[in-house]
């Protein structure tokens with residue numbers, strides 16, 4: 001199925017339909033034109049920081065937010081805390097934070113980090 005415009009004898013558009021090519025060829029011979037839709041990528045959905053926090057398991061969140069944590073994990077937690085606004089999955093700072101969490105075994109692997117950051121229109 002595709003989108004087609006139908007023209008009258010003078011070339012003016014009289015209708016726009018969604019149909020198969022065979023249909024428009026049979027019913028509108030010589031007066032149809034395929035509409036080329038622009039290929040617009042879907043928007044990247046931002047996530048609230050609270051939604052991200054809610055996706056951590058209890059054990060992951062404790063390991064991430066533990067005041068006794070040292071080094072890279074503590075620094076990653078501080079960076080996450082100072083991040084302003086919604087979080088975009090392609091944000092370089094957020095990517096660095098989640099890489100640190102994987103490298104320091106707070107998160108099991110990169111797939112787990114992607115699960116936490118995955119946009120979900122149902123939430």
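Summary of computed values
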read-out	value
The stretch 20-59: number of residues that are assigned to a strand (DSSP E or B) and either exposed (fewer than 11 other Cβ atoms within 10 Å of the Cβ) or over 30 Å from the mean Cα position of the chain (by Cα) (or both)	2
In the stretch 93-122, residue modelled with the lowest pLDDT [restricted to those that are surrounded by fewer than 11 Cβ atoms within 10 Å (Cβ to Cβ) and within 16 Å of the chain's Cα centre (by Cα)]	121
Leading residue by the ranking (surrounded by the fewest Cβ atoms within 10 Å (Cβ to Cβ)) among those in the stretch 65-92 that are touching a helix residue (DSSP H, G or I) at 6+ places or on another chain (Cβ under 6 Å) and within 22 Å of residue 119 (Cβ to Cβ)	79
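The values are calculated or read from the model by the stated rules, or taken from the named source; none is laboratory data. Predicted model only: the values in this text are computed from it and were never measured. Note that each Cβ is placed from the backbone with ideal geometry, even for glycine, and that neighbours are counted across all protein chains shown.
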